[in-house]
1. Identify, please: which residue in region 173-197 is in a strand (DSSP E or B) and under 17 Å from the mean Cα position of the chain (by Cα) and is, among those, surrounded by the most Cβ atoms within 10 Å (Cβ to Cβ)?
2. Every residue in region 341-383 that is within 30 Å of Val606 (Cα to Cα), outside any loop (DSSP other than H, G, I, E, B) and either over 29 Å from the mean Cα position of the chain (by Cα) or not aromatic (Phe, Trp, Tyr) (or both), please.
3. With respect to Asp541, determine if the residue is surrounded by 17 or more Cβ atoms within 10 Å (Cβ to Cβ), free of Cβ contacts under 8 Å to residues at least 40 places away in the same chain and among the acidic types (Asp, Glu).
4. Within region 17-36, can you find the residues that are within 34 Å of the chain's Cα centre (by Cα) and of a type outside the set (S, T, N, Q)?
5. Hey, among the residues in region 400-449 that are in contact with a Phe, Trp or Tyr (Cβ under 7 Å, 6 or more places away or on another chain) and of a type in the set (Gly, Ala, Ser), which one's nearest to the ligand (Cβ to nearest atom)?
6. Inspect region 505-515 for any residue being among the hydrophobic types (A, V, I, L, M, F, W, C) and assigned to a loop (DSSP other than H, G, I, E, B) and give the result as yes or no.
7. Where the second residue is acidic (Asp, Glu) and surrounded by fewer than 20 Cβ atoms within 10 Å (Cβ to Cβ) and the first is touching a residue at least 12 places away in the same chain (Cβ under 8 Å) and lies in region 409-429, which pairs have Cβ atoms under 7 Å and are six or more apart or on separate chains?
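The values are calculated or read from the model by the stated rules, or taken from the named source; none is laboratory data. If you're wondering where the values come from, they're calculated on a predicted model, not measured in any experiment. When we count neighbours, we look across all protein chains shown, and the Cβ atoms used for this are built from the backbone with ideal geometry, even at glycine.
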Amino acid sequence: MSILKKLVVCLLVTSPFLTHAQTIPVLSKHNALVLEVDAKKRLAISYFGEKLSNEAGYRQVKGVYRQAEDYTLVNNSAYLPAGSVNLFEPAIAVVHGDGNTSLDLEYVSHTANTEGNISLTTIVLKDKLYPFQVKLFYKSYIAEDVMEIWTSISHTEKKPVLLNKFASANLYLKSDEFWLRNYHGDWAREMQPEEEKITHGIKTLDTKLGTRANLFQPPLFMVSLGKPATEDEGSVLVGSVSWTGNFRVDLELDNQDNLRLTAGINNYQSAYTLKPKEEFETAKFIYTFSTKGKSLASRNFHNWARNYGMVDGHGSRLTLLNNWEATYFDFNESKLAGLLKDTKKLGVDLFLLDDGWFANKYPRNDDNAGLGDWEENRKKLPNGISYLVKEATANDVKFGIWIEPEMVNPKSELYEKHPEWVIRQPGREEHYFRNQLVLDLTNPKVQDFVFGVVDDLMTKNPAMAYIKWDCNAVIYNAQSAFLTNQSHLYIEYVRGLYKILQRIRVKYPTLPLMLCSGGGGRVDYGALQYFTEYWPSDNTDPLERIYMQWEYSYFFPAMASSNHVTEWGKQPLKYRIDVAMMGKMGYDIVIGKLPEKELAFSQQAVRVYDSLKNVIWHGDQYRLSDPWKNAVASVQYVDSTQSTAVIFNYLVNSRYGQGSVLPIRMKGLDPSANYRLREVNLFPGTKTSVDSSVTYSGDFLMKIGFNPAVRSGRGSVVLVAEKVK
Ligand code: GLA
């Protein structure tokens, strides 16, 4: 875009003599976050919610509330500091160079720039007594109604300042009730939702695991205002912390019944010593807000992610055959040669070689040994990876590979050679997670090593088309031999990881990378900016996946969700394939063992998927029928021209007589257009009751709906609605 075409608005305000309140509205298409500077130069949040049609109204907001007393007048601070008059959970807490623990931040100046779709408001706050400064950044993605907030902290005191807390953001919300939806989980049980009314006090969502940080809790949540939002009704903030490590979100309902949301990097064991003139940049807190329910909020996130939040959000993705569950560690060159042929036979784009291909002194024949030793296992692969890549090319498929470069088995040459590269407490008994330990990514030499794992593979095999990046262990006994200040470890680890990923992206900007962490132990927007897709869970039981993918879909677009067809679960192959189609489809089954009919069906399914994938990846997603509440789950994707929609319907309750009793109302169609519905992905030999010669108006399909006739024996039904031209 030429400079002329860009709309650039720049405003610099420095107000040493403020006498009355000044408002700083940060706006997006539908929403406003309004900051206010009072006569004492305190920066507060005066309004959060739907945009007012008249900006003057923001000044009147305060006058219409009659709440309990704010004893300090900082309850609604935009960045609440500890140690002066504050009485609540702070965003920032410090110990100055001279040992003083107070902080009182006042407004100094702000700038606001709008360039195209993005506005950035930067506000400078300074302490009254100490040369200590916080810059607040509010980045509004206008069309997507998405906001990113973060801060940069610095000082010019004589001695270092200790940062005890360093949140990215404070928000301050007003409503009669607040409802929190958050998630818990464990291996193979990711994204289990819980929804409850927020009561007075603090509810903290956090993780202290360091790596595989989201194993028990992801940084994903929703806060509904008034009552729990439904798909299409209610006001809801959907948010997350973009940080691939320890995060912390505090939700505090205070004496005035307002909700203070404080989010950022977890300060657990992480007091940070900030040298004079050093800048400490916090993680980004990201949210969208919708007054029309969760459905719109999720599409805001999807649009934002595809435009700004992930690699190649408008590009394509590779369908694949993975060998993990088909072979586990038990394979050799000839077995893989067979799988390459199967990849072609199935019709997918790529073969993905999983764990077990490396290490010689301690061969990687199970998960006890070899991690860290990234040369091909000569017994299994005498001709190396490059031979396999060539074989793949000869079979007209692409080749991808699994790595877990941040980790090490104690039974490895790497551990023998570089014990100082391992996060461990010397003198204490080692404790393992999946028989492994975490490498110390704070150390630049380790960063080089990890970068080298990818770079070597790519340099030796330029045709390598895909990498699955795994991370299976949490950090125990956190101690770095490299760092002098151990309380920097959790933070510097993530910074080290980002440095490596950044280097990879500079050299290999579009290489497809899958973000895996023993399942979904690491799904966040901090990491996703370097990845093309994520692995939601090792649990690929399609029934479980319907629920998990449903919940993930509030935060991430379908094209980022790697869904594989495996042997997990009791559902027939068709059901498993249909569920995998609601994202980026792959296979992890033994193709050679499929009965003829199932193979033919799988091949046909890949073709059907190829014809619909652009609607699923780039279209708008609507959740039509909630599996938590109904016997039938239904999810729809519509392309941007409203010409094609794909509707997936599944029976999730197999009790007697359950099925789609009522029609399912579609969404996002053109009400004035006519559509023909046809059922796709029919298993050979089955007939459909869907008459594709009948047309329905978009208006009808959205007001009355269509019955996919889901029932026992017809547990999974995929429909395509096409506009009649
Ligand atoms: C993790 C991943 C799996 C697989 C194994 C290999 O558990 O989630 O998909 O790659 O590692 O060891």
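1. Tyr183
2. Within region 341-383, Lys341, Asp342, Thr343, Lys344, Lys345, Leu346, Leu350, Leu352, Leu353 meet the criteria.
3. Against the criterion (surrounded by 17 or more Cβ atoms within 10 Å (Cβ to Cβ), free of Cβ contacts under 8 Å to residues at least 40 places away in the same chain and among the acidic types (Asp, Glu)), Asp541 qualifies.
4. Matches in region 17-36: Ile24, Pro25, Val26, Leu27, Lys29, His30, Ala32, Leu33, Val34, Leu35, Glu36.
5. Per the criteria, the residue is Gly400.
6. Yes: region 505-515 contains one or more residues that are among the hydrophobic types (A, V, I, L, M, F, W, C) and assigned to a loop (DSSP other than H, G, I, E, B).
7. Close Cβ pairs satisfying both conditions: Pro410/Glu430; Arg424/Glu430.
The rows are residues; the columns are (1) away from the ligand (no atom under 13 Å from the Cβ); (2) without any contact (Cβ under 8 Å) to a residue 24 or more places away in the chain; (3) over 27 Å from Phe433 (Cα atoms); (4) buried (at least 21 other Cβ atoms within 10 Å of the Cβ).
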| position | (1), (2), (3), (4) |
| --- | --- |
| Val348 | yes, no, yes, yes |
| Phe358 | no, yes, no, yes |
| Lys361 | yes, no, no, no |
| Leu371 | no, no, no, yes |
| Pro382 | yes, no, yes, no |
| Val389 | yes, no, yes, yes |
| Lys398 | yes, no, yes, yes |
